[in-house]
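One structure below.
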Amino acid sequence: MTKQSETILETRNVKLWYGDKEALHGIDLDFANKGITALIGPSGSGKTTYLRALNRMHDLEENVTVTGSFNLLGKDIYAPTTDTVDLRKRVGMVFQQPNPFPFSIYDNVAFGLRLAGVKDKKTLDQAVEESLKAASIWDEVKDELNKSALGLSGGQQQRVSIARVLATKPDVLLLDEPTSALDPVSSHNIEETLLSLRDQYAMIIVTHSLSQASRISDKTAFFLSGNLVEFGDTRKIFLEPEKKETADYISGRFG
């Protein structure tokens, strides 16, 4: 497992309401600046709701209220002065379904940089190559950069989506079930990609796959009914959980 370093993101007493319904009941979680944290729990437990709060994706929804403190490298994510476009570059997100834009592979990866005003071709070329290499797909697409990303397989599209996020040099990478729509081989490739990045980025992954969480994560957080039940080193969570609910979920007695 990767060596954990200082904290990059702190969240305290995070609550979230959909209208009058409270979906998160006071979550306290910190994340190191390197390594993979898995968020596990049954459907409806709050893990994706919490993940989306970390880069204010709920701003795009109506009738959602978020409270609590979200501190990214000493800055309040929810401060009125926070630029959400900039925030989502710093806290990038990869979704369940691969979502490449209907552009070339090159233009997909360069998208965020161009949005930020980068025009120099040499700079863009270097960033595209570095990001595709980091996402473990450069060798497969280096001769086809001008072809549409939509022509790639699902697993390749997901790795291009990861490269697009990496190109903006994020502080944190959020992944919402990034392999659930993929075949086993593509899922394995994504896992290998994430493992290759664990010493460079803080990654937070929502996964329904307990085997995936146990394989790739350094830390695991178990959510249940909008509560954080238990958080710790993955090995300890899976082999010596402190809470009965965690043990029951890990062993398959519910969920």
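Any read-out appearing in this document is the output of simple, stated calculations on the displayed coordinates, not a laboratory observation. Just so we're clear, the structure is a prediction, and the values are computed from it rather than from any experiment. Note that we place each Cβ from the backbone using ideal geometry, even for glycine, and neighbour counts take in every protein chain shown.
Given 209, 184, 170, which one lies farthest toward the positive end of the charge dipole of the stretch 166-225, if we put +1 on the Cβ of every Lys and Arg and -1 on the Cβ of every Asp and Glu?
After comparing all options, I get 170.
What distance in nm lies between label points placed 7 Å from Cα along the C-beta direction at residue 65 and residue 28?
A separation of 2.3 nm, rounded to one decimal place.
Can you give the extra length, in nm with one decimal, that the chain gains between residue 143 and residue 119 once fully stretched, where that is 0.36 nm per residue apart less the Cα-Cα distance?
Computed gain between residue 143 and residue 119 is 6.4 nm.
Return the single residue from 73, 124, 224 with maximal mean-square fluctuation; model: Gaussian network over the chain, springs between Cα atoms under 10 Å.
73
Could you tell me the extents of the stretch 55-157's C-alpha atoms along the three principal axes, largest first, rounded to whole Å?
Dimensions of the stretch 55-157 along the principal axes of its Cα atoms: 47, 29, 20 Å.
Taking θ as phi - 60°, what are the ³J(HN,Hα) couplings along the stretch 154-171 by the Karplus curve (6.51, -1.76, 1.60), each to the nearest whole Hz, with x for Gly and Pro?
Once θ is set to phi - 60°, the couplings for the stretch 154-171 become x, x, 5, 4, 5, 5, 5, 4, 5, 4, 4, 5, 5, 4, 8, 6, x, 7 Hz.
Consider all pairwise Cα distances in the stretch 1-110 and report the whole-number % of them above 16 Å.
Numbers: 3968 of 5995 pairs.
So the pairs more than 16 Å apart make up 66 percent of the total in the stretch 1-110.
With 10 angstrom as the radius, rank 57, 203 by how many other C-beta atoms surround their C-beta, starting from the fewest.
Going from least to most buried by this count: 57, 203.
Rounded to the nearest 5, what is the percent of antiparallel bridges among the DSSP beta bridges in the chain?
DSSP beta bridges in the chain are roughly 60 percent antiparallel.
Shape verdict for the stretch 112-179, please, from the Cα gyration tensor: rounded (a/c under 1.5), prolate (a/b greater than b/c) or oblate.
oblate
When the helix-only estimate is applied to the chain (DSSP H runs of n ≥ 4, each -39,500 (n - 2.57), divided by the residue count), what is the mean residue ellipticity at 222 nm, nearest 500 deg cm²/dmol?
After summing the helix terms and dividing by the residues of the chain, the value is -10000 deg cm²/dmol.
How much length would be gained if the chain were fully extended between residue 43 and residue 126, taking 0.36 nm per residue of separation minus their Cα-Cα distance, in nm to one decimal? Intermediate values should be presented prior to the final figure.
On the way: separation 83, 0.36 × 83 = 29.88 nm, distance 4.06 nm.
Answer, rounded to one decimal: 25.8 nm.
Work out the FRET efficiency for residue 247 and residue 188 from their Cβ-Cβ distance, taking R0 = 30 Å, and round it to the nearest 0.05.
According to the calculation, E is roughly 0.60.
When all alpha-carbon pairs of the chain are counted, what percent fall beyond 29 Å?
Value for the chain (Cα pairs over 29 Å): 30 percent.
Using only alpha carbon pairs under 8 Å that are at least six residues apart, calculate the relative contact order of the chain and give it in whole percent.
27 percent.
Mind checking the stretch 166-255 for trypsin sites (Lys or Arg not before Pro) that DSSP puts in a loop (not H, G, I, E or B) and that have at most 10 other Cβ atoms within 10 Å?
Sites meeting the loop and neighbour criteria: 253.
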